[in-house]
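Trainee: Please read through the structure below; I'll follow up with questions.
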Amino acid sequence: MKSFGSDIPACLRLALFLCACLLAFPLAAQEADSAACRVDSAACGAVLAPAVEDSTAGGAGVRDSLPRYVRHADFMRALWDRLVPQYLKVQYAGSIGLVSIGTGWDYGRHDRWETDLLVGFTPKYEDTRIKVTLTLRQQFTPWSLPLKRAPRWSVEPLTCGLFMSTTLDNRFWTQEPGRYPNSYYNFSTKVRFNLFLGQQVTVSLANRKALHRAVSFYYQLSISELNLVSAWGNSYLRPSDYLSLAFGLKFHLLD
Amino acid sequence: MTFVKYLRTPLLFLLWLLPLVAACDLIEYHPYSVDTEGISDVNAAQMRRITASCAGCDTLRFALISDTQRQYDETEELIDHLNRNDSLNFVIHTGDLTDFGLTKEFLWMHDLLSRLRVPYVVLLGNHDVLGNGLQVYRSMFGPENFSFVAGRVRFVCLNTNAIEFDYSTPVPDFSFLSARLEEDAAMPGLRTIVAMHSAPFTEQFNNNVAEAFEVGYVTRFSDLVCCLHGHGHGYEHRDLYGDGVMYYSSPNPKKRHYLVFTVTPDSYSYEVVWF
C-alpha cells in the first residue's frame with residue numbers, strides 16, 4: 001500500500017507544507033504576546049506618532065491605542081515585505097546554464113548572507129532538447145571593503161557558499177528508478193551539489209537617474225560533488241578540468 | 001572619475017586578471033551539456049583506420065581494455081604501456097568510459113584514448129548511458145551497435161546494457177545481429193568475434209533472451225572465435241553456456257593488467273599483460 005501523498009514529488013510536498021504553515025500562522029500570532037507586534041509595527045507607529053503625540057505621553061501608548069487588528073495587519077505586512085526579493089542576478093556559465101537569471105534575499109548582520117533562486121538555460125548542442133536548470137544558492141560574504149580612493153566602490157574579496165541545481169528533464173532522476181537493483185549507482189543524475197569561492201566588486205549608483213541603488217560584478221569558481229570525486233586521486237585531472245567559472249551581475253533593487 | 005581609472009587600482013587590477021587568466025578551459029554551461037567540442041563519429045573513423053591497416057593481415061593482435069571510468073591516472077599509464085607495444089594492430093574498449101555519464105568525462109577519456117598510436121573502438125557501457133550520456137556517446141562515437149572487419153576477422157560490437165533502456169529499445173538488437181548473419185553468409189572465410197559490455201546472465205543483460213542470444217545468433221556465425229566483454233572489472237575466462245564458446249572479461253585499469261589477443265586463420269591465443 002502506498003502512503004497518502006507518496007506520489008507527490010518531495011519539493012511539492014514541502015511547498016504545500018510551507019503554505020499550510022503560512023495559513024496557520026495568523027492564528028498562532030493572535031495568541032502570541034502583542035509585544036512582538038509592537039516592535040514590528042514601529043514603522044506604522046512612527047508615521048502615526050506625530051499626529052497624536054500632543055495628546056499622549058509616548059509612542060508605546062499610541063501603538064497600544066491602535067486596534068488590535070491594525071497592529072496584526074502591520075505585523076503581517078512587515079512579514080510579507082521581508083519575502084519580497086531584493087535583487088536581480090544575471091549569470092554567465094557556472095554549470096547551471098549558459099545564462100541564468102535569478103533573484104534572492106540578503107539578510108543577517110551587514111547583509112552578509114544571500115540566498116538566490118536562479119533559472120538557467122543551456123542550448124541543446126548535440127542533445128535533443130534545451131535544458132532548463134533551477135538553482136538554489138546560499139552565499140556568505142565575510143567582508144566588504146570600501147575603496148578609499150573611490151568612495152562609490154567597494155570590494156568583497158571573498159564570497160563563498162554552496163548551491164544545488166536540478167534539471168527539468170525526465171531523463172534525469174533523483175532516486176534510481178525501480179528497475180535497478182538496490183543502491184546500484186548511488187548518486188542522482190538530476191541534482192548536483194556544488195561548492196564555490198568567488199570575489200565581487202560593487203559600485204554604488206545612488207543618484208537621481210539610476211534605476212538601481214548599486215550594481216555588483218562577481219565571478220565564482222565552483223566544483224560539483226561528482227567532479228570532486230573524479231579529481232580525488234586523479235592527478236591527471238587539472239583544476240581547469242574540474243572547476244567551473246561563472247561571471248555575473250547583481251542589480252540591487254530593494255536592499 | 002572614469003571607469004578606466006578604477007580598473008588601474010592595484011586591487012581591482014588583480015581582481016580582473018584572475019578570471020581572465022583561467023577563463024578558457026573553465027567555462028562549463030551544464031554538466032550534461034552534450035557539448036562534444038566538435039568531436040564526432042570517432043568509431044567510424046577508427047574502424048576505417050583498422051580495416052585499412054589490417055588489410056591482408058593473416059595474424060591479428062589487439063588489446064582488450066574496459067571500465068576505465070574515473071581511473072584517469074591508471075588509464076594514462078595503461079595507454080603509455082599500450083603505446084610501447086609495437087605488435088598491436090588496434091585496441092577494443094568494451095565500455096564504461098564514464099562513471100556518471102557527464103559530458104566532460106567523455107571528453108577527458110577521449111583525450112586519453114586519442115593518445116593511442118594504434119586505432120581504437122569504444123563500446124557503450126551502462127554508466128555511459130546515465131543522464132543523457134547516450135546522446136554524448138552517439139554524437140562522439142556513433143551508433144551503439146557496429147561491426148568492422150580487420151584482416152580476416154569480423155568484429156560485431158553490441159550494446160547489451162538492457163537495464164538502461166525500456167522494452168521499446170531492442171537490447172541486444174536481434175535485427176542488427178540478423179543483418180550481420182546475412183552478411184556473414186555472403187562473405188565466407190571470415191572469422192567472427194562478438195564484443196559487448198555486459199555479459200549474458202549479469203544484472204544488466206536481458207536474461208529472458210540470454211539463451212536465444214547465444215543459440216539463435218552468436219553461435220550461428222560461421223567461424224566464431226570467442227566473445228569479449230567488460231563490466232566485471234576483473235579478468236575472467238568462462239564458458240558461460242557450457243557450449244564451448246569462451247567469454248573473456250577485461251580487467252579495469254586499476255587491476256594493472258589487460259588482455260592481448262592474437263588471432264590466426266585457424267586458432268587464437270591471448271595473454272595477460274601487466275603494467
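Trainee: Those residues that are buried (at least 16 other Cβ atoms within 10 Å of the Cβ), more than 17 Å from B:D173 (Cβ to Cβ) and either within 19 Å of the chain's Cα centre (by Cα) or free of Cβ contacts under 8 Å to residues at least 60 places away in the same chain (or both), I need them from region B:191-222; list them, please.
Mentor: Of everything in region B:191-222, those that are buried (at least 16 other Cβ atoms within 10 Å of the Cβ), more than 17 Å from B:D173 (Cβ to Cβ) and either within 19 Å of the chain's Cα centre (by Cα) or free of Cβ contacts under 8 Å to residues at least 60 places away in the same chain (or both) turn out to be B:I193, B:T202.
Trainee: Among the residues of region B:144-165, which ones are over 24 Å from B:V263 (Cβ atoms), in contact (Cβ under 8 Å) with a residue 40 or more places away in the chain and not in a helix (DSSP H, G or I)?
Mentor: B:N161
Trainee: Also, I was wondering about something else. If I ask for residues that are of a type in the set (S, T, N, Q) and surrounded by 18 or more Cβ atoms within 10 Å (Cβ to Cβ), which ones from region A:137-156 would you list? Spell out how you get there, then give the answer.
Mentor: Narrowing region A:137-156 to residues of a type in the set (S, T, N, Q): A:138-139, A:141, A:144, A:154.
Hits for region A:137-156 are A:Q139, A:T141, A:S154.
Trainee: In region B:220-235, which residues are among the hydroxyl-bearing types (S, T, Y) and closer than 16 Å to B:P253 by Cβ? Break it down stepwise before answering.
Mentor: Filtering region B:220-235 for residues among the hydroxyl-bearing types (S, T, Y) gives B:222, B:235.
If the condition is that a residue be among the hydroxyl-bearing types (S, T, Y) and closer than 16 Å to B:P253 by Cβ, then B:Y235 is the only one that fits.
Trainee: Moving on. Could you please let me know if B:E183 is away from every other protein chain (no Cβ under 14 Å) and within 21 Å of B:L228 (Cβ to Cβ)? Can you show your working first?
Mentor: Working: away from every other protein chain (no Cβ under 14 Å): yes; within 21 Å of B:L228 (Cβ to Cβ): yes.
Considered against the rule, which asks whether it is away from every other protein chain (no Cβ under 14 Å) and within 21 Å of B:L228 (Cβ to Cβ), B:E183 comes out as yes.
Trainee: For the condition at pLDDT 95 or above and in contact with a Gly (Cβ under 6 Å, 6 or more places away or on another chain), what is the one hit in A:A231, A:A246? Walk me through how you get there before you give the answer.
Mentor: On the way: A:A231 fails: in contact with a Gly (Cβ under 6 Å, 6 or more places away or on another chain).
Sole residue among the options that is at pLDDT 95 or above and in contact with a Gly (Cβ under 6 Å, 6 or more places away or on another chain): A:A246.
Trainee: Tell me, which residue of region A:210-255 that is part of a loop (DSSP other than H, G, I, E, B), under 21 Å from A:Q86 (Cβ atoms) and not hydrophobic (A, V, I, L, M, F, W, C) is nearest to the other protein chains (Cβ to nearest Cβ)?
Mentor: Kept after step one, since they are part of a loop (DSSP other than H, G, I, E, B), are these residues of region A:210-255: A:210-213, A:232-238, A:243, A:253-255.
Among the residues that remain, those that are also under 21 Å from A:Q86 (Cβ atoms) are: A:210-213, A:253-255.
Among the residues that remain, those that are also not hydrophobic (A, V, I, L, M, F, W, C) are: A:212-213, A:255.
On the way: A:H212: 17, A:R213: 18, A:D255: 22 Å.
Checking each candidate, the answer is A:H212.
Trainee: Among B:V273, B:V260, which is surrounded by fewer than 16 Cβ atoms within 10 Å (Cβ to Cβ), among the aliphatic types (A, V, I, L, M) and touching a strand residue (DSSP E or B) at 6+ places or on another chain (Cβ under 9 Å)? Let's see the steps before the verdict.
Mentor: Details: B:V260 fails: surrounded by fewer than 16 Cβ atoms within 10 Å (Cβ to Cβ).
The unique qualifying residue is B:V273.
Trainee: In region B:114-144, how many residues are within 20 Å of B:A199 (Cα to Cα) and either in contact with a strand residue (DSSP E or B) (Cβ under 7 Å, 6 or more places away or on another chain) or at pLDDT below 95 (or both)?
Mentor: 3
Trainee: Regarding B:R117, is this residue closer than 27 Å to B:A162 by Cβ and either away from chain A (no Cβ under 12 Å) or outside any helix (DSSP H, G or I) (or both)?
Mentor: Values: closer than 27 Å to B:A162 by Cβ: no; either away from chain A (no Cβ under 12 Å) or outside any helix (DSSP H, G or I) (or both): yes.
Considered against the rule, which asks whether it is closer than 27 Å to B:A162 by Cβ and either away from chain A (no Cβ under 12 Å) or outside any helix (DSSP H, G or I) (or both), B:R117 comes out as no.
Trainee: Filter region A:214-229 down to the residues that are within 19 Å of the chain's Cα centre (by Cα) and either surrounded by fewer than 20 Cβ atoms within 10 Å (Cβ to Cβ) or more than 25 Å from B:T103 (Cβ to Cβ) (or both) and list them by number.
Mentor: A:A214, A:V215, A:S216, A:F217, A:Y218, A:L221
Trainee: What number of residues in region A:144-175 are of a type outside the set (F, W, Y) and in a loop (DSSP other than H, G, I, E, B)?
Mentor: First, the residues of region A:144-175 that are of a type outside the set (F, W, Y): A:144-152, A:154-162, A:164-171, A:174-175.
Restricting the remaining residues to those that are in a loop (DSSP other than H, G, I, E, B) gives A:144, A:147-152, A:168-171, A:174-175.
Here the count works out to 13.
Trainee: Does A:L243 meet the test of being of a type in the set (A, V, I, L, M) and closer than 21 Å to B:T98 by Cβ?
Mentor: Working: of a type in the set (A, V, I, L, M): yes; closer than 21 Å to B:T98 by Cβ: yes.
Considered against the rule, which asks whether it is of a type in the set (A, V, I, L, M) and closer than 21 Å to B:T98 by Cβ, A:L243 comes out as yes.
Trainee: Being outside any helix (DSSP H, G or I) and away from chain B (no Cβ under 14 Å) is the filter here, so list the residues in region A:74-98 that pass it.
Mentor: Just the residues of region A:74-98 that are outside any helix (DSSP H, G or I), to begin with: A:82-98.
Across region A:74-98, the qualifying residues are A:R82, A:L83, A:V84, A:P85, A:Q86, A:Y87, A:L88, A:K89, A:V90.
Trainee: Conditions: (1) touching a residue at least 24 places away in the same chain (Cβ under 8 Å); (2) closer than 23 Å to A:S222 by Cβ; (3) more than 14 Å from the chain's Cα centre (by Cα). A:R152 meets all but one. Number of the miss?
Mentor: (2)
Trainee: If you scan region A:169-201, which residues turn out to be more than 12 Å from chain B (Cβ to nearest Cβ) and within 29 Å of A:L254 (Cβ to Cβ)?
Mentor: If the condition is that a residue be more than 12 Å from chain B (Cβ to nearest Cβ) and within 29 Å of A:L254 (Cβ to Cβ), then A:L195, A:F196 are the ones that fit.
The values are calculated or read from the model by the stated rules, or taken from the named source; none is laboratory data. This one's a predicted model, so the numbers in the text were calculated from it and none came from an experiment. Don't worry about glycine lacking a Cβ; one is built from the backbone with ideal geometry, like all the others, and counts go over all protein chains shown.
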